[in-house]
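Engineer: Dropping a structure here in structure tokens format, bear with me for questions.
The values are calculated or read from the model by the stated rules, or taken from the named source; none is laboratory data. Just so you know, these numbers come straight off a predicted model, no measurement behind them. Cβ atoms come from the backbone with ideal geometry, glycine included; neighbour counts cover every protein chain shown.
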Amino acid sequence: MTDEPKPGVTRLREQAGAEGELLSSALGDRPRAALREAAMERVLAEHRARRGAKRVAAGIGAGVALALAAGVALVLRAPAPAPKLTAEAPSAPSTARPSPTKQAAPTPAADPLAPCTPAAVAAGTAPLIDDFEDGDARVLLSEKRAGNWITFNDGTGVQTPRPGTNFRADRIPGGRGASHFGLHNRGGKFTSWGAAVAAELNPRRCYDASAYGGVEFWARGRGHLRIAAKMTQIVTEEFGGSCVQRCFDAHLTQRSLSDDWKLYRVRWDELRQSGEGQAVPFDPRSLYSIEFSVLPDQTPFDFWLDDPAFLVADGAPASAPP
């Protein structure tokens, strides 16, 4: 291959005059074919080198990104490591004294003779327990007192009203002054411990009568009548008390009855246990009931009760005289 111009180009240059001169100059400045091919190869080589470098860099970047993503996925999917279990030898007991500020206070042992927590407290302003004028056997609803008059006995005789019945107060023959109704209790011969009638103060709970100094009541009959202030500490759990052994030894005293109505007063400090049961100090904050009873040697029996009341502090009668 030669660099001589083609015949057509030579004729065009000869015929064109000045234009031909310019064309001849351009042809003269044209590089030879070998030089052009070398330049082309160099440019292509540099281009290939740059493209290869870019591909390698892109490949490396993509590989790094894929590796990071895979690592994150493995971390997220990997389960939490199980706790390491080690067997520890038991430590020797400490001989150091615990700090008083950290030592738990000991739980006090239950005292069966301690006064109960009262569910009802007498204010000391309404001493009358019942006047029976409503004709029923419920105590008056005053100073949080509630309950009924109940009768019970040793099971060896007959008592009227019968135990377990809802009885009513009886009309007093001829009345007792302004009072027309009272509680009439009577029965035949008993051979064990006898028979009783009692006023519930707060059924199956204790009653705080410490605002008063005792009890008083009007009565008539024959023989001796025992008056007891029964505490929850001498009553078994079956009936709402806290006694578990040698129970029912109530604090009591007695009065001799007469055929005529008479006002009887009994102060708390007169009451004593018989000694047959567990000894319990008397506490009027733990009353269960007020009880009137007769022993077997006082049976058969027949007595009336009217206007039983707590004894006020100044000693004045809670009920009017006949």
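Engineer: Just the residues that are surrounded by fewer than 19 Cβ atoms within 10 Å (Cβ to Cβ) and either in a loop (DSSP other than H, G, I, E, B) or acidic (Asp, Glu) (or both), please, taken from segment 219-239.
Structural biologist: Those that are surrounded by fewer than 19 Cβ atoms within 10 Å (Cβ to Cβ) and either in a loop (DSSP other than H, G, I, E, B) or acidic (Asp, Glu) (or both): Arg222, Gly223, Glu237, Glu238.
Engineer: For segment 266-280, name all the residues that are surrounded by 11 or more Cβ atoms within 10 Å (Cβ to Cβ) and assigned to a helix (DSSP H, G or I).
Structural biologist: Trp268, Glu270
Engineer: While we're here: What single numbered condition from (1) within 26 Å of Gly277 (Cα to Cα); (2) modelled with pLDDT of 95 or more; (3) of a type in the set (Val, Ile, Thr) fails to hold for Val158?
Structural biologist: (1)
Engineer: Taking the conditions exactly as written (in the same structural domain as Leu201 (by TED's automatic domain parsing) and assigned to a strand (DSSP E or B)), does Phe248 satisfy them or not?
Structural biologist: Here the answer is no, as Phe248 does not meet what is asked.
Residues are listed down the side, and each one gets a yes or a no for (1) modelled with pLDDT of 95 or more; (2) part of a strand (DSSP E or B); (3) under 42 Å from the mean Cα position of the chain (by Cα):
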residue	(1), (2), (3)
Gly241	no, no, yes
Thr253	yes, yes, no
Tyr264	yes, yes, no
Phe282	yes, no, yes
Pro308	yes, yes, yes
Ala313	no, no, yes
Pro322	no, no, no
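Engineer: Scan segment 183-198 for residues that are small (Gly, Ala, Ser), closer than 13 Å to Ser293 by Cβ and part of a loop (DSSP other than H, G, I, E, B) and report the count.
Structural biologist: The total comes to 2.
Engineer: Since Pro173 meets every condition but one in (1) outside any loop (DSSP other than H, G, I, E, B); (2) in contact (Cβ under 8 Å) with a residue 60 or more places away in the chain, which condition does it not meet?
Structural biologist: (2)
Engineer: Hey, could you check segment 160-196 for residues that are touching a Gly at 6+ places or on another chain (Cβ under 8 Å), over 20 Å from Pro308 (Cα atoms) and not small (Gly, Ala, Ser) and say which is surrounded by the most Cβ atoms within 10 Å (Cβ to Cβ)?
Structural biologist: So the residue we want is Phe190.
Engineer: Next up: Can you find even one residue in segment 209-221 that is among the hydroxyl-bearing types (Ser, Thr, Tyr) and touching a Pro at 6+ places or on another chain (Cβ under 7 Å)?
Structural biologist: yes
Engineer: Restricting attention to segment 236-252, which residues are out of contact with any Lys or Arg (no Cβ under 7 Å at 6 or more places or on another chain) and small (Gly, Ala, Ser)?
Structural biologist: Those that are out of contact with any Lys or Arg (no Cβ under 7 Å at 6 or more places or on another chain) and small (Gly, Ala, Ser): Gly241, Ser242.
Engineer: Among the listed residues Arg220, Arg226, Arg246, identify the single one that is farther than 30 Å from His180 by Cα and among the basic types (Lys, Arg).
Structural biologist: Among Arg220, Arg226, Arg246, only Arg246 is farther than 30 Å from His180 by Cα and among the basic types (Lys, Arg).
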